[in-house]
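Student: Okay, handing you the structure first.
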Amino acid sequence: MLIRAGYAITYESPQPTPMHLALSVHPSRMRDVVGPHQIRFDPPIGASEYRDVSGNICHRIVAPAGRLRISTQIMVSDPGTPDPVVPYAAQHAVQDLPDDVLVYLLGSRYCETDRLTQLAWSLFGHTPEGWPRVQAICDYVHNRIEFGYHHADPTRTAFVGHAEGRGVCRDFAHLAVTLCRCMNIPARYCTGYLGDIGIPPVEAPMDFSAWFEAYLGGHWHTFDARHNTPRIGRILMARGRDATDVALSTIFGPCALVGFDVVTDEVR
C-alpha cells in the first residue's frame, strides 16, 4: 500500500531563533519513501542536516523573526501488515546485553526508574520473562492511563503520569518504557506517523504518535501501550531515550507554535 504523510507546522518568533528539528523519516524507512523527501521552509531559509547519536536525521536552522512555516508531504510504500508479534522472544540477562543497548536500561528525563522500580517488581516480578512480561506491562499501562488530547502536558514524567492516570500517547510510552527498564528490559522511545489504517475512522484531528521498542531475543520489537494492539502503517521518524531525544523541535529562544497540521492516510 501507499501512505500519504506530512505536516505543516508554523512558529512565530520575536527575533531570530536557533532550532533543532527531528522531522524527517528515520533512515531505516527512507528506502520506502517514493519520490522526493524534502522539508520546505516558508520563507526560504538555510538548514543543515546531520545524524544525532541515535542515528536520527535532524536539521539545524535559525528561524527568522516573524512567522516560519515548516512543511513536507511524502508518499511511503508499506507492506500493509500489522506490527509483528513474537511471543517467544526471550529476555536477556543484563550481563549478556550488547554494550550499545545498556543505555536503554537507565533512567532518563521522563523515565524515572528510581521512583518506579519497587512498583514494577511488585506488579511484574511474577510474570514470565520476555515478550509476555512486556505485554503485561503494556496491558497495565493501557488500563492505568486515560487517553485524552486535553490531558497533554509536556512536563509530565512517567511517575507523574502513573499517579495522575491520564495523558496522551507520549505518557503511555514513557510509563511503559520506564517499567520495562525497571524489569531489566531495554526499552527506547519512538515517534512517528500512525494513521487510522485498518481501523474504524477516528474523528479526532491527526497527530504524530509515540510508541516504544523493547530489546528481546537479540532484536528490537515494536510495542504500543496506548493502542495495545498491532497496527498497520507505522512510519518511524526518530528513536531515543525518551521524548527529550526525539522532540519535533527544540527551540533556543522565545517562540510560539501558531499552526499544527498532520496528515497520515492510505492512498486508494
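The values are calculated or read from the model by the stated rules, or taken from the named source; none is laboratory data. What you are looking at is a predicted structure, and each value in this text was computed from that prediction instead of being measured. Neighbour counts run over all protein chains shown; Cβ positions are idealised from the backbone, glycine included.
Student: All but one of (1) over 25 Å from residue 235 (Cβ atoms); (2) part of a loop (DSSP other than H, G, I, E, B) hold for residue 12; which doesn't?
Tutor: Residue 12 satisfies every listed condition except (2).
Student: Which members of segment 37-46 meet the condition of being in contact (Cβ under 8 Å) with a residue 24 or more places away in the chain and either within 15 Å of residue 5 (Cα to Cα) or surrounded by 12 or more Cβ atoms within 10 Å (Cβ to Cβ) (or both)?
Tutor: Listed by number, the residues that qualify are 37, 38, 39, 40, 41, 42.
Student: Hey, another quick one. Tally the residues that are of a type in the set (Gly, Ala, Ser) and in a loop (DSSP other than H, G, I, E, B), restricting the search to segment 176-200.
Tutor: Of the residues in segment 176-200, 2 are of a type in the set (Gly, Ala, Ser) and in a loop (DSSP other than H, G, I, E, B).
Student: So, of the residues in segment 49-61 that are part of a strand (DSSP E or B) and within 20 Å of residue 7 (Cβ to Cβ), which turns out to be farthest from the chain's Cα centre (by Cα)?
Tutor: Per the criteria, the residue is 61.
Student: May I pose another question? Which ones in segment 6-36 are surrounded by 14 or more Cβ atoms within 10 Å (Cβ to Cβ), closer than 27 Å to residue 198 by Cα and either of a type in the set (S, T, N, Q) or not assigned by TED's automatic domain parsing to the domain that holds residue 76 (or both)?
Tutor: Matches in segment 6-36: 24 only.
Student: Let me ask something else. Against the condition within 17 Å of residue 55 (Cα to Cα), outside any strand (DSSP E or B) and modelled with pLDDT of 95 or more, how does residue 243 come out, does it pass?
Tutor: yes
Student: Quick one: would you say residue 101 is outside any strand (DSSP E or B), closer than 25 Å to residue 182 by Cβ and touching a Phe, Trp or Tyr at 6+ places or on another chain (Cβ under 7 Å)?
Tutor: Judged against the criteria, residue 101 is a match.
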